[in-house]
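Following: one structure in structure tokens, then a few remarks.
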Amino acid sequence: MARFAGGKAPFIRIANEKGENTKRIMRDFLIGLLPVILFSWYKNGISVYLDGNISVLEMFYPLFFIIMGGLLAYIMEGIFFYITDKDNRNLKGIMRRLNTSYAVIPGVILALLLPLYTPIWILMFAAFIATIVGKMLFGGFGNNVFNPALLGYAVVGFTFSGIVTDINVIFNGSEIVMDSYAGATPLGTLASFRGTGDAFSYQALVEPYGNLWDFFLGTIPGALGETSAFAILIGFIWLAFRKVIKWFTPIIYIATVFGLSWLIGIMAGDSGVWFPTYSILTGGVMFAAVYMATEPVSTPTNPLGKIFFALFLGVLTVLFRFVGSLPEGVGTSLIVMNIFAIPIDTYSGVIRTKLFKKPGPLYISILVGVLIILVIYTLVASGNMYTAITSLFNLGQVI
Amino acid sequence: MKNFLNKYGIIISLSLALLLIFIFGGMYSRYMTNQIDVHEQERYEEKLLTIVDEGSSLEEFASSGLETEFNKPNGTGTYQPELIDSFLVKDKDNNDIAIIYVVETYGNSEGLKVAFALSLEEDDIIDMMVIEHNETVSEPGQFYNKLIDENFFEQFENKDLDVIDFTVDAVSDATYSSKGFEVAMQYARELYADDFDDYEIIEINIQVNSVNYNYDLTTINDYQFIANITFGKDNNEASVALDNDFNYLQIISGVEPTASEIEALPNYIADSGEVSNSLRVVSYDDTTNTIEVRVRGYSSAGIIMEIELNSSLTDYNSIDIISTNENYDDPYNGGYDGAEAPAVEDEYLVEYTNNDVIMDSVAGATRTSEAMIDALTWLDQLLVELNGGS
């Protein structure tokens, strides 16, 4: 049962138990990121070093890069506070502001979203966008519309796409020696199927990287934090156990991506469960599901809103992934959904309290209707299955 | 000072931290980026080194990068293959044992990069490795995939650089790709010859002056043809004995050709058009003065004739057809309206033995006629030679 501070309205919710405050939540969130950070260091640094492919200096770089992400965000917020808060231009004042701003988390997430060989100056720029533009200019912690880390990632992804893409070809020292996939990420390989009319094949999509177990463990190429579903799963269990995140948001999001990918796979000529499994284990689906789709500020707050948010997010991810020009889809769909977080929160809030009274049915119709239209459009527009759909349901004339 | 630090110390510290991250983090980041190239080169060289089993290390080698044009496989002109890299391969004792040339040629598409390792000791190709290519791989069992399926690449292993016909067998459906690899191999050999003075590509220069049947009955069982050739840089002259397939058997007079020239000789003789090897002397029996010849007609088994010479070896006593497989009278062939086989052969023999006439070709049995004409013309010439040229 939620507890509220006594007195006259407005009521301010307080922690359920003593010490269960934002600081504890953010600490737990950071702990939840640890499996991903450690795996990222192991995969891109330690194991490559143990294989004799890189030097000690190179081995520490992944950890350095992730720490730099957090540190840069921290310093930039500190400078922002110094500039904007004239009354607290001292160490004590700034530290107090920083302690309640939790600057490190978006910086660390940002670093985990980027490939290992991203130049530091790009990380600095991304951290600036994430922290200053994405967070502080919106009013600081608790007021940001977009997920700050994602905004930073998206801006450098578009602005410096050439540099980041060039570096993307190689993700760590071990991958230099791997000829089998010639530098392409799994999603890049998936994108190569567009317009070919070829059925998805396990041989082309999975085998160059090993098997689906490798995808689960995360030994495939990808950005620092996104490859290991295993590490993310540990983080998820911890965060859900500590009630930092709602457990159903990642589950619904991943299930939506899984289901739609399965349908697309079936219509593209392969009904194997491997394809939707591949789909959720590639790119940033798992990472976003646990660490970004659950972000408390830029996503809906009520449970029904979170469910709708996750459903929409899943549909958009599949839409952008299979139809859009970029192979990933997760980042774009999250940014889009960040914009709609408030309307969804509002609508779902009304639906919860007025399910059968005006305007509850209207709102639920709008949300469900838009969702269904998006699902249908996603399935139809997913090139490979277009023909299959028209032949299966004879929708050709309608479409 | 204290006031200044109180007022600006924190912002200076934060800015300084940012600057330090920018400088030292940037250096670290740059180092990492540079390491990509270093590691790529290491892996690349490790990969190349696997071509040579005894190889222990590689050392960059400054090749001449010889300029020479080759035809594009699709016949749209010529191009200069590109030398990408060259490395000396050293064994564990640091001795140079091989050279690796990485060359880029043109197959079905541009960008066919192949590494060839050539043995410095044996002057042969140790092995090769495809570094990268843009050939068609989308069709299973076809194009580039067919090269793999049909073990095309095994042809390069241990291939002697001194082979006159320095080519490989192309694979059907992948002929452009095959040609691309062949050119890469040939270019590697040319580079090798240009880079190492102790190796020369053997150049064959043979001029066929005349080729004749051997009409000398004392040696007719030993060799069938005698060719007069001019060859080599010094224009050496020789009269050489050849077997039925124009293979060199022995020197009759003049300078003996080298092994490479001997290897190349059959092609030169065949290309000269001086003589056809459709007629073969199967045997000559000097006790019965009987010569058995076989001449190829419509049937590959041909017509086998036995010619018995008189005791003074100035004329023939008889000519008999031992066997013939010609089938010009088969309705399937059409055009022939005479008696059934071997009517044509018999008619040629009757005209020749009775009237000393070699008939013109018989319609519908042209190939058989040509075979009989060849045989009787050969006999005519034999008799001329046996009679001292008259």
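See the values below:
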read-out	value
Residue satisfying all of: in region B:1-59; touching a Phe, Trp or Tyr at 6+ places or on another chain (Cβ under 8 Å) and of a type in the set (Asp, Glu); modelled with the highest pLDDT among these	B:59
Residue satisfying condition, being farther than 18 Å from residue B:53 by Cα and surrounded by fewer than 17 Cβ atoms within 10 Å (Cβ to Cβ), within set B:104, B:110, B:121	B:110
Filtered residues of region B:129-172 (kept if out of contact with any strand residue (DSSP E or B) (no Cβ under 6 Å at 6 or more places or on another chain), closer than 30 Å to residue B:262 by Cα and of a type in the set (Asp, Glu))	B:154, B:162, B:165, B:169
Elements of type strands (runs of 3 or more DSSP E) contained in region B:212-296, each with 3 or more residues being assigned by TED's automatic domain parsing to the domain that holds residue B:374	B:279-285, B:290-295
Region B:164-189 - residue that is touching a Gly at 6+ places or on another chain (Cβ under 7 Å) and of a type in the set (Ser, Thr, Tyr) and, of those, farthest from residue B:151 (Cα to Cα)	B:176
Test result for residue B:168, over 15 Å from residue B:186 (Cα atoms) and among the β-branched types (Val, Ile, Thr)	no
Filter pass, residue B:103 being within 22 Å of the chain's Cα centre (by Cα) and in contact (Cβ under 8 Å) with a residue 60 or more places away in the chain	yes
Helices (runs of 4 or more DSSP H) enclosed by region A:76-132 - at least 1 residues per element that are surrounded by fewer than 20 Cβ atoms within 10 Å (Cβ to Cβ)	A:91-99, A:120-128
Scope region B:234-267; condition surrounded by 14 or more Cβ atoms within 10 Å (Cβ to Cβ), under 25 Å from residue B:166 (Cβ atoms), modelled with pLDDT of 90 or more and not hydrophobic (A, V, I, L, M, F, W, C); matching residues	B:236, B:243, B:247, B:248, B:257, B:266
Residue count for region B:352-390, restricted to those that are exposed (fewer than 12 other Cβ atoms within 10 Å of the Cβ), part of a helix (DSSP H, G or I) and small (Gly, Ala, Ser)	0
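Residues are listed down the side, and each one gets a yes or a no for (1) over 26 Å from residue A:103 (Cα atoms); (2) modelled with pLDDT of 90 or more; (3) assigned by TED's automatic domain parsing to the domain that holds residue A:97:
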residue: A:25; (1), (2), (3): no, no, yes
residue: A:34; (1), (2), (3): no, yes, yes
residue: A:46; (1), (2), (3): yes, yes, yes
residue: A:58; (1), (2), (3): yes, yes, yes
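Conditions (1) in the same structural domain as residue A:34 (by TED's automatic domain parsing); (2) assigned to a loop (DSSP other than H, G, I, E, B); (3) not basic (Lys, Arg), marked per residue:
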position	(1), (2), (3)
A:224	yes, yes, yes
A:269	no, yes, yes
A:290	no, no, yes
A:296	no, yes, yes
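Quick grid of which residues meet (1) of a type in the set (A, V, I, L, M, F, W, C); (2) farther than 18 Å from residue B:189 by Cα:
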| residue | (1), (2) |
| --- | --- |
| B:52 | yes, no |
| B:58 | yes, yes |
| B:67 | no, no |
| B:73 | no, yes |
| B:79 | no, no |
| B:96 | no, no |
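The values are calculated or read from the model by the stated rules, or taken from the named source; none is laboratory data. Values in this document were obtained by computation on a predicted structure and should not be read as measured data. Here Cβ is always computed from backbone atoms with ideal geometry, including for glycine, and neighbour counts include all displayed protein chains.
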